1. Residue by residue through the stretch 75-85, note down the ones that are buried (at least 20 other Cβ atoms within 10 Å of the Cβ) and free of Cβ contacts under 8 Å to residues at least 12 places away in the same chain.
2. With the condition kept exactly as written, say whether any residue in the stretch 258-266 is closer than 17 Å to residue 48 by Cβ and in contact (Cβ under 8 Å) with a residue 24 or more places away in the chain.
3. I'd like to check something: does the stretch 245-253 contain any residue that is within 17 Å of residue 117 (Cβ to Cβ), surrounded by 15 or more Cβ atoms within 10 Å (Cβ to Cβ) and in contact with a strand residue (DSSP E or B) (Cβ under 8 Å, 6 or more places away or on another chain)?
4. Out of the stretch 1-17, which residues are part of a loop (DSSP other than H, G, I, E, B) and either modelled with pLDDT of 95 or more or out of contact with any helix residue (DSSP H, G or I) (no Cβ under 9 Å at 6 or more places or on another chain) (or both)?
5. Please specify each residue of the stretch 86-96 satisfying the condition of being surrounded by 15 or more Cβ atoms within 10 Å (Cβ to Cβ) and part of a loop (DSSP other than H, G, I, E, B).
6. In the stretch 367-399, how many are crowded, with 16+ Cβ neighbours inside 10 Å, in a helix (DSSP H, G or I) and either on the phi > 0 side of the Ramachandran plot or more than 34 Å from the chain's Cα centre (by Cα) (or both)?
7. Can you go through 35, 24 and tell me which one is within 22 Å of residue 248 (Cβ to Cβ), touching a helix residue (DSSP H, G or I) at 6+ places or on another chain (Cβ under 7 Å) and either crowded, with 18+ Cβ neighbours inside 10 Å or not assigned by TED's automatic domain parsing to the domain that holds residue 85 (or both)?
8. Would you point out the residue of the stretch 276-301, among those that are at pLDDT below 90 and assigned to a loop (DSSP other than H, G, I, E, B), that is surrounded by the most Cβ atoms within 10 Å (Cβ to Cβ)?
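The values are calculated or read from the model by the stated rules, or taken from the named source; none is laboratory data. Keep in mind it's a predicted model, so treat the numbers as computed, not measured. Cβ placement follows ideal geometry from the backbone for every residue including glycine, while neighbour counts extend to all protein chains displayed.
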């Protein structure tokens, strides 16, 4: 789960992290009112979408030379003008894809006199099983290029969860940023606060870009992105309350109601699989046979008729889908139960596209018999390779 920048900053402020004054706004009038509450005379108007690259982004509805989604305003009148241009328009960034995202919220913050920009983030390092602090002296909008062209300018510091954040970790962050004296101490303190927040909130990722040094010698979090481990959200109802469903795909929202892992893709063959690894392999073999998957869909190990029906409806809600491949391994989940769910779901949704089903595992023959006797044009497959070839052939036959 992701949250907006202003929401992430509100969460970090509870842990003592220094952030510039700012107020969220849903309308032009609220943006103007927010600016009037800030010290000024400089203000920053920021589009709030769940994507990075906002500063370099472009609005579809505005001229090509128009400014991006992060703008410096020198007056209340400019705040109003920028808010009018941003709200309701579609911002396209390197992370949104060509479709872009509509801007429904703004964040108006006080301007900051910046002396230097740095980069600091925390992620879970799967290789070590530890939280990793990623630090660079080269913060700002070009951090991806820094990682690609000059990786030596990026320092990684891992923290043993049994030991937790120690003073030497803080000093290592300060030294990695080439800071000395009081700034070094500030960097160590911010790193500790961020680590505490990361662990306490069950974050997946916490990125500060940029962390800025002001001309009066303070370190402030100027921009932040935060995402959370969905499996731990039951512990954080306050975080769940921050969810903005307008930023999410409607099909993915519907999938979450049935505990289905669904991600829409750009292909034309819908996939229904149990197990994330098997789902990835299924998508790969579809591509290997010359077509592209329309979705990632993991129904999990305890799928039932209701789940299978919901999964079919999700797949078919995508008008690009020309065929469906079901690839189920019946371990805990028995193949005959899944077969009954597939037949019931196919009848309920009045399936009009080719359907290929590959079943393997517990009660597999009983499952295959149910499919064969259903009276539906379901194409059985013996293995994954056979299934991929058959669904591609069926779709091409219809085309």
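1. none
2. Of the stretch 258-266, the ones closer than 17 Å to residue 48 by Cβ are none.
No.
3. Looking only at the stretch 245-253, we keep the residues that are within 17 Å of residue 117 (Cβ to Cβ), and these are none.
The answer is no, given that none of the residues of the stretch 245-253 is within 17 Å of residue 117 (Cβ to Cβ), surrounded by 15 or more Cβ atoms within 10 Å (Cβ to Cβ) and in contact with a strand residue (DSSP E or B) (Cβ under 8 Å, 6 or more places away or on another chain).
4. Of the residues in the stretch 1-17, the ones part of a loop (DSSP other than H, G, I, E, B) are 1, 3-4, 14-17.
3, 4, 14, 15, 16, 17 - these are the residues of the stretch 1-17 that are part of a loop (DSSP other than H, G, I, E, B) and either modelled with pLDDT of 95 or more or out of contact with any helix residue (DSSP H, G or I) (no Cβ under 9 Å at 6 or more places or on another chain) (or both).
5. Here is the first cut: in the stretch 86-96, the ones surrounded by 15 or more Cβ atoms within 10 Å (Cβ to Cβ) are 86-87, 89-93, 96.
Selection gives 87, 89, 93, 96.
6. Residues of the stretch 367-399 crowded, with 16+ Cβ neighbours inside 10 Å: 367-368, 370-371, 374, 378-379, 381, 384, 387-392, 394-395.
Restricting the remaining residues to those that are in a helix (DSSP H, G or I) gives 367-368, 370-371, 384, 387-392, 394-395.
The next check asks that each one be either on the phi > 0 side of the Ramachandran plot or more than 34 Å from the chain's Cα centre (by Cα) (or both); those that pass are 367-368, 370-371.
Within the stretch 367-399, residues that are crowded, with 16+ Cβ neighbours inside 10 Å, in a helix (DSSP H, G or I) and either on the phi > 0 side of the Ramachandran plot or more than 34 Å from the chain's Cα centre (by Cα) (or both) number 4.
7. Values: 35 fails: within 22 Å of residue 248 (Cβ to Cβ).
Of the residues listed, the single one that is within 22 Å of residue 248 (Cβ to Cβ), touching a helix residue (DSSP H, G or I) at 6+ places or on another chain (Cβ under 7 Å) and either crowded, with 18+ Cβ neighbours inside 10 Å or not assigned by TED's automatic domain parsing to the domain that holds residue 85 (or both) is 24.
8. Result: 299.
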